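First comes the structure, then the notes that go with it.
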Amino acid sequence: MRVKSPTIFMGKIYLALAQGYLLSLRYVDGFSSFTGLQGLMASSRTSLKIFLVVAFIALTALGLWMLDGVFAADGFGGAATEVNIFMPFLGLSLMLLAVVVAWAVWPLMRTAGEHLQSGSEGAERGFPPPADFSTGEMPDFSHVELPVSEYTLETYKAAVDHAPTAIMITNNRGRIEYVNAAFLRTSGYSRSEILGRSPAMFSAGHTRSDVYADLWQTILSGNVWRGEVCNRRKNGEEYWENMAISPLRDRFGRVSHFVAVREDITERKGREEDLRQLAQRDALTGIANRRYLIERAEQERRRAERFGQPLAVLMVDIDHFKAINDEHGHALGDQAIRMVAQTCAASVREIDIVGRYGGEEFVIVLPGTLPEGARELADRLRQRIAEIEIAGADGTAVAVTVSIGFAAFEPGDQLEQLLAAADAALYRAKSLGRNCVVAVTDCLRLIPPGDVQ
């Protein structure tokens, strides 16, 4: 009985130890199969922890067993049997310890010399096998969790600090918490002047309120807002920025910060404005060219048609322009065209449209103007142009006069009809001796309709 009792006792201890150890493996992250066990063994820190626990329990059990043998009082065995059970169990315990030690040390030796970031929790999961690029297809690494170390975070921060594009981070209340060096160079402010303040400090006041309303509605809903805004530097200089603002969420899914990436596009906007001017402006006079004139005149015609507002069109032509060119040269003719265009532009309202229709002919569109007002403006314009004097090549003054015809918009009129009516009135003014103003209604009263053209 003394031989059998320690045997049964130690068997129960080792059985309980094995069951407890296998049960503990179920709570080790990543262990669910043989593949998980391989990942567990590849983790040096986890294996070392298990080794220490198992070794401690095994040594404790061995000590208890030896203590049990001492209390047996017959030298761990019976005289009748001549069997010493201490040596078998001691050998079994030592073998168990050797297996545990080998299992704990093997991952350490396996990872020795490898450049792994064992200090991070992410490194405990191991890395996937090397990718095969021979097929020419890029493998999917979206499921791989890469470790993030302090060195990596410092690298990311340095990349943002020295990025060539201005970057600003605000909290969810719109207060600035971070700006990089490019932002400081663009705005002209120092970091202490910016942190804790609202981005509204950079506004130049030209951006519409509905743009800002759309901005906040977009980013608060968790989406990215993109747009162009006009801001002001510290020295008062205005500049354009192409801006993208994206929200950042915390671990609970709430919007905690906003990241704004801003690019100075002032030069690009200047080039775009130059191209727009070339596309819309007459190169000689600086007023609207024929294409842009027709486009704007059609917009005003539609507005007058829709809202029942009055509209008048003036057709202005320089008298005896061919004679001016022939006698004094094209340079003086171009000067006459420029001076007439400038006088026309200076004599109208901001809402009126002045354009060069062709050659020495100009068109003035007068939104919201009745025929009486159009006639008054045409007479005043004719008198101002008659006061222009241009010095010829021989020093003598060259007089410049214009003939003006105008027509008022009637519901149902198309732009072509309106321009044709004003042109007919213009030719009637020329036939009456030039340097005068004639309305299309005057033409219809003075001559039969068939002779108007």
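Here are the numbers for this structure:
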item	result
Calculated FRET efficiency for the pair Glu237/Ala331, C-beta based, R₀ 56 Å, to 0.05	0.90
Whole-percent pair-distance distribution, where bins are 5 Å wide, for the alpha carbons of segment 298-349	4, 16, 18, 14, 14, 11, 9, 8, 5, 1
Pairwise centroid distance, computed over Cα atoms, of segment 258-298 with segment 147-181, Å	36 Å
Solvent-accessible area per residue, Å², over segment 155-301 with all protein chains present [probe radius 1.4 Å]	59 Å²
Coarse-grained scattering of segment 327-406 at q = 0.11, 0.22, 0.25, 0.27 Å⁻¹, given as base-10 log I(q)/I(0) from a Debye sum over alpha-carbon atoms	-0.31, -1.05, -1.28, -1.43
Area accessible to solvent at Tyr156, 1.4 Å probe radius, in Å²	130 Å²
Theoretical FRET efficiency, 1/(1+(r/R0)^6), r = Cβ-Cβ of Trp216 and Asp250, R0 25 Å, to 0.05	0.85
Under 5 Å, built H, 5+ apart or other chain: amide partners of Ile265	Trp240, Glu241, Asn242
Carbon/sulfur fraction of accessible area - segment 271-377, other protein chains in place, 1.4 Å, %	50 percent
Pairwise label distance in nanometres, Gln299 with Glu273, each label 7 Å out on the Cα-Cβ vector	1.8 nm
For segment 374-385, Karplus couplings with θ = phi - 60° (6.51, -1.76, 1.60), whole Hz, Gly/Pro x	5, 5, 4, 5, 5, 5, 5, 5, 4, 5, 5, 5
Sites matching GluC sites (Glu not before Pro) across segment 223-293 that sit in DSSP coil, with at most 11 neighbouring C-beta atoms within 10 Å	Glu237
Nearest-0.05 FRET efficiency for Tyr156 and Phe307, computed from C-beta distance (R0 60 Å)	0.55
Solvent exposure, largest accessible area first (probe 1.4 Å, DNA, RNA and ligands not counted), of Cys436, Cys344	Cys436, Cys344
Hypothetical label at His206: residues of segment 230-248 whose amide nitrogen lies under 20 Å (7 Å Cα-Cβ projection)	230-244
For Tyr357, residues with placed amide H under 5 Å, excluding near neighbours	Phe362, Val363
Accessible surface of Leu215 - all protein chains present, 1.4 Å probe, nearest 10 Å²	10 Å²
Point-to-point label distance, Arg226-Arg434, nm (Cα→Cβ direction, 7 Å offset)	5.8 nm
Heavy atoms of Lys430: accessible area, 1.4 Å probe, square angstrom to 10	40 Å²
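The values are calculated or read from the model by the stated rules, or taken from the named source; none is laboratory data. All figures in this text were calculated on a predicted structure; none of them were measured in a lab. All Cβ positions, glycine included, derive from the backbone under ideal geometry; neighbour counts span all protein chains shown. Note: areas computed on protein heavy atoms with side chains; ligands, DNA, RNA excluded. Shrake-Rupley method; radii C 1.70, N 1.55, O 1.52, S 1.80 Å.
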